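S.K.: Structure incoming, see below.
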Amino acid sequence: MMEKYVFTVNGKTCETEKDIPLLTYLRNELGLFSVKDGCSEGACGTCSVIVDGRSMRACVLKTSRAHGKSITTVEGLSEKEKEAFVYAFGVKGSVQCGFCIPGMVISGKALIDQNPNPTEEEIKKAIRGNICRCTGYKKIIEGIDLAAAILRGDAQIDDLEKGEEYGVGEKAFRIDVREKVLGTGEYCDDVVMEGMLHGSAIRSKYPRARILDIDASKALALPGVVDVLTAEDVPNNKVGHIQQDWDVFIAKGDITRSVGDAICLVVAETEEIMNKAKAMVKIKYEQLEPVRNIKEAMAEDAPKLHENGNLCQQRHVTRGDAKKALAESKYVVTQSYSTPFTEHAFLEPECAVAFPYKDGVKVYTSDQGVYDTRKEIAIMFGWEEDKIVVENKLVGGGFGGKEDVSVQHVACLAANKLQKPVKVKLTRQESINFHPKRHAMEGTFTLGCDENGIFTALDCDIYFDTGAYASLCGPVLERACTHSVGPYTYQNTDIRGYGYYTNNPPAGAFRGFGVCQSEFALESNINLLAEKVGISPWEIRYRNAIEPGKVLPNGQIADVSTALKETLEAVKDVYEANPGRAGIACAMKNSGVGVGLPDKGRARIEVHDGIVQLYTAASEIGQGCFTVFLQMISETLDIGLEKIKYMGCNSEIAPDSGTTSGSRQTLITGEAVRMASEDLKADLEAAGGDLSKLEGKEYYAEFFEPTDKLGADKPNPVSHVAYGFATHVVVLDDDGKVKEVHAAHDSGKVVNPISIQGQIEGGVLMGLGYAFTEDFPLKDCVPQVKFGTLGLMRATDIPYINAIYVEKDELLPFAYGSKGIGEIATIPTAPAAQGAYYAMDGVLRTTLPMDDTAYVKKKKAVKK
């Protein structure tokens, strides 16, 4: 007789004979989807539950060990507790992508139950097992602190969720707070459909090997296995965001390019059967020598990883005469730098659910652009795009890592062939091995200046390892090159960029989009020049800083909103008050794709039953764009949130608003929203303010501000609609740990002050991880990391972060003057941290993560 395991969950007695992870039982048997599966390794905390009063991770607790215990999930909180956390996390801005949030709530509740009035340090300690990649933890800590105050009666709940004051500049309560805090919002892995099958790919054992045979006969004979799909089942076996160079499946006889490569897809009635069947598929390999790095890829005798060779993309950005200007410069610095691959580590692993729909397929996704995903799937099928419908569920973080298709296309392939719903998701390790990373860079930068420290010219070579596939190599490399000049005023540049294929995991878009790498190098060289001139790092930046009416190194004239000097002024006192332990760095980052591409924002507004309904297919990946759009409507029409509704990100019903990338949604799609709102406003005024008189009316707007292509033959080309600017100062303590970071940002008009602070804080912490702790070691192209060993910073690691935003009176005429914040927030932190260490010990650390710091003791850095 099988043993039964009995325990209570949220006050109800449960029993099972299955000895399985508690996480699996809670989600699959009880449908408690607040408990999220972020890693299944006990490393991320998204599956936190309370077990006999203690916060524990449900993925590492088996049902046998839960026997006799009392378990609480977010669903089991009292109404008072639920309302306290919803309000506190909303008003403090604790919620971004939301995937970590129920776990944070559980850890917070467990602490408050034991200690109703915890200190900040006690809250940090309580959530140290819960990773957040979005917020930088500060806002979550503040949220738990306020929830505790409410629950002990020291604070009250105001009805801010209704959003009566919701215009531009208001501290708006995000529209997705409640569903994310309580775990009722649906992410892809929470979707359950009748008759739904489960699919998972078998991935290459080796980074480079010929597939000699695929034998799925034993797996197919297993009861419950429905199919095993191979390259023969794919109409067109190539996908790719820009270049179609990525095999859907590696065919028999073909050669793998990375350990993430899919060879076949096992589809079964249950996950348990699916996993059993995967172990029964036999694949015969001929192992081949991999191409490990850029140097090996460039070698004359290197194997060609793609038909056109190993050079994936190259860019050459020039203006003026850099060679002549450097020869005539008073001071010149040449230095080489190296930065690593970086893992996005978004909390939600990739997942998609596809099913037959009309005469094609529909797929629920977790991605950054539903129309881009639709396009790639259509390429695979050879279909007209409108046969495919792509709808975002909640997206648990992206940071660029969810721009490429990962599971969406193979889920659609299986759903179409089998005519049943199919869920395909990645394990955390598959995600780490498979999706594109931040590019590793090798670069040599030469920067010159005159006797006063005024920059004269930049010459540099930038080499990117784009791994097995192109992904967004071209645009990322281009942005690294165009932004390698920094936000300064000089007109002589010669920048050469190269992206090479290797057998490493692919590299593509990542927050900063290539600029984190090149700005680390440039800003470090600036410190060396300041030393030669005999002025401070702050002073040399201020003397060269771009300002309105002056010309950027790309020839673009800085617009009236440009406020780099104001960000420098905002941190001057704190920088100068910490000699020998402070570092400083500036950055600029484009808002919008620019460089001559047709980057359009689109929005449609409909009026139904007295409600203004907004349709725009802009992916919300945690940045808060849905809330921003509704704030713009509220501002234009002077109405409260109760009369406005966002209708979701769906390619069937909403116009194409472009990818959530390039810090573009707030400005580009936001302006389209504002334009449509203005049209509605005119009719509303004519109707005496009565929305019921406009029943059924539609208002459509498309925003497109043309830009000039790279290398345009104009004296002053417009590369981008707008730029954001920033200055960060990092201050070290006596032990070399970061004590505080002051991050001053020009993002134009701040639409939501709560959201922008959280974005800055999260970007800063991500930048500190890049500087000090995060690495992505590879051995013969195979990742040597798990989620728990990536070096992600935890709540107990965070310094004091002072998010400063600068608003000028003169702003751009678009989207109420707002500019993007998502990417730039992470760019200046690493070079500022490097500058702080250089100020402290005179050692120039040219590699990331930096050697010989208080965070990691490796080989000693070499004093320059």
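Coordinate-derived values only; no laboratory data. Computed from a prediction, not measured in an experiment: that's the story for all the values here. Here the Cβ is made from the backbone with ideal geometry for all residues, glycine too, and neighbour counts use every protein chain on show.
S.K.: Do the sum for the chain: with -39,500 (n - 2.57) for every DSSP H run of n ≥ 4, divided by all residues, what is the mean residue ellipticity at 222 nm, to the nearest 500 deg cm²/dmol?
M.R.: Estimated from H runs of four or more residues: -8000 deg cm²/dmol.
S.K.: A further question on this structure: What fraction of the DSSP beta bridges in the chain is antiparallel, stated in percent and rounded to the nearest 5?
M.R.: Percentage antiparallel, nearest 5: 75.
S.K.: I've got another one for you. Please turn the phi angles of the stretch 846-852 into ³J(HN,Hα) values with the Karplus equation 6.51 cos²θ - 1.76 cosθ + 1.60 (θ = phi - 60°), one per residue in order, whole Hz, x for glycine and proline.
M.R.: In residue order, the calculated couplings are 9, 10, 10, x, 5, 7, 6 Hz.
S.K.: Once the dipole of the chain is set up with Lys and Arg at +1 and Asp and Glu at -1 on Cβ about the Cα centre, which of 628, 758, 199 lies farthest towards its positive end?
M.R.: 199
S.K.: Another question, then. Work out from phi, with θ = phi - 60° and the Karplus expression 6.51 cos²θ - 1.76 cosθ + 1.60, the ³J(HN,Hα) of each residue of the stretch 736-749, listed in order in whole Hz, and give x for Gly and Pro.
M.R.: x, 7, 6, 8, 7, 10, 10, 10, 9, 10, 9, 10, x, 5
S.K.: For the pairs 402/589; 82/180; 375/425; 180/393; 324/565, flag any whose C-alpha to C-alpha distance is greater than 22 Å.
M.R.: Working: 402/589 20 Å; 82/180 12 Å; 375/425 20 Å; 180/393 12 Å; 324/565 29 Å.
Result: 324/565 exceed 22 Å.
S.K.: What residues qualify as long-range amide H neighbours of residue 749, i.e. H under 5 Å apart, gap of 5 or more or another chain, H built at 1.01 Å from N?
M.R.: 818, 819
S.K.: For each of 316, 720, 728, count neighbouring Cβ atoms within 10 Å of the residue's Cβ, then give the residues from fewest to most. Walk me through the numbers on the way to the answer.
M.R.: On the way: 316 12, 720 25, 728 34.
So the ranking, lowest neighbour count to highest, is 316, 720, 728.
S.K.: Label the stretch 601-703 by shape, choosing from rounded, prolate and oblate, from the square roots a ≥ b ≥ c of the eigenvalues of the Cα gyration tensor; if a/c is under 1.5 it is rounded, and otherwise prolate applies when a/b is larger than b/c, oblate when it is not.
M.R.: Working: a/c = 1.90, a/b = 1.79, b/c = 1.06.
Taking the square roots of the gyration eigenvalues as a ≥ b ≥ c, the stretch 601-703 is prolate.
S.K.: First obtain the Kirkwood hydrodynamic radius of the chain from its Cα pairs, then insert it into the Stokes-Einstein equation at 4 °C and 1.567 mPa s, and state the resulting D in µm² per second as a whole number. Write down the numbers at each step before the final one.
M.R.: Working: Rh = 27.7 Å.
The estimated diffusion coefficient comes to 47 µm²/s.
S.K.: Using unit Cβ charges (K, R positive; D, E negative) and no other charged atoms, how large, in debye to the nearest 20, is the dipole of the chain about its Cα centre?
M.R.: Values: 98 positive and 121 negative charges, 474 e Å.
For this selection, approximately 2280 debye.
S.K.: Still on this structure, I have one more. Of 123, 102, 67, whose Cα points farthest to the positive end of the dipole of the stretch 5-185 (charges on the beta-carbon: +1 Lys, Arg; -1 Asp, Glu; origin at the Cα centre)?
M.R.: 67
S.K.: Of 572/737; 252/779; 18/218, which pairs sit farther than 23 Å apart, going by alpha carbon to alpha carbon? Present the calculation step by step, with values, prior to reporting the outcome.
M.R.: Values: 572/737 21 Å; 252/779 26 Å; 18/218 25 Å.
Beyond 23 Å between Cα atoms: 252/779; 18/218.
S.K.: Quick check: net charge around residue 203, other residues with Cβ under 15 Å of its Cβ, Lys/Arg +1 and Asp/Glu -1?
M.R.: Numbers: positive: 205, 208, 257, 278, 282, 425, 428; negative: 247, 254, 261, 350, 430.
Its environment carries a net charge of +2.
S.K.: Go through 553-561, 711-719 and give me the packing order, highest mean Cβ count within 10 Å leading. Spell out each step's value before the answer.
M.R.: Working: 553-561: 19.3, 711-719: 14.0.
My ranking of the peptides, most packed first, is 553-561, 711-719.
S.K.: I would also like to ask the following. Counting only DSSP beta bridges with both residues in the stretch 5-185, what percent are antiparallel, rounded to the nearest 5? If you can, show how the numbers build up before the last one.
M.R.: Values: 12 of 14 bridges.
DSSP beta bridges in the stretch 5-185 are roughly 85 percent antiparallel.
S.K.: Here's something else I'd like to know. Whole angstrom only: what separates the Cα centroid of the stretch 763-812 from the Cα centroid of the stretch 321-359?
M.R.: Between the Cα centre of the stretch 763-812 and that of the stretch 321-359, the gap is 14 Å.
S.K.: Right, here's the next one. If you take every DSSP beta bridge whose two residues both sit in the stretch 729-864, what share of them, in percent to the nearest 5, is antiparallel?
M.R.: Beta bridges within the stretch 729-864, antiparallel portion: roughly 50 percent.
S.K.: Contact order normalised by length for the stretch 601-703, with contacts defined as Cα pairs under 8 Å and 6 or more residues apart; what percent is it? If you can, show how the numbers build up before the last one.
M.R.: On the way: 189 pairs, mean separation 45.1, N = 103.
With pairs under 8 Å counted, the relative contact order is 44 percent.
S.K.: For 608, 409, what ranking results if the residue with the fewest other Cβ atoms within 10 Å of its Cβ goes first?
M.R.: On the way: 608 13, 409 25.
Going from sparsest to densest Cβ surroundings: 608, 409.
S.K.: Quick one: compute the contact order of the chain, relative version, from alpha carbon pairs under 8 angstrom and 6+ residues apart, as a percent.
M.R.: Relative contact order, the chain: 14 percent.
S.K.: Below 8 Å, C-alpha to C-alpha, sequence gap of six or more: please give me the relative contact order for the stretch 563-654 in percent. Walk me through the intermediate numbers first.
M.R.: Numbers: 68 pairs, mean separation 22.1, N = 92.
Relative contact order here is 24 percent.
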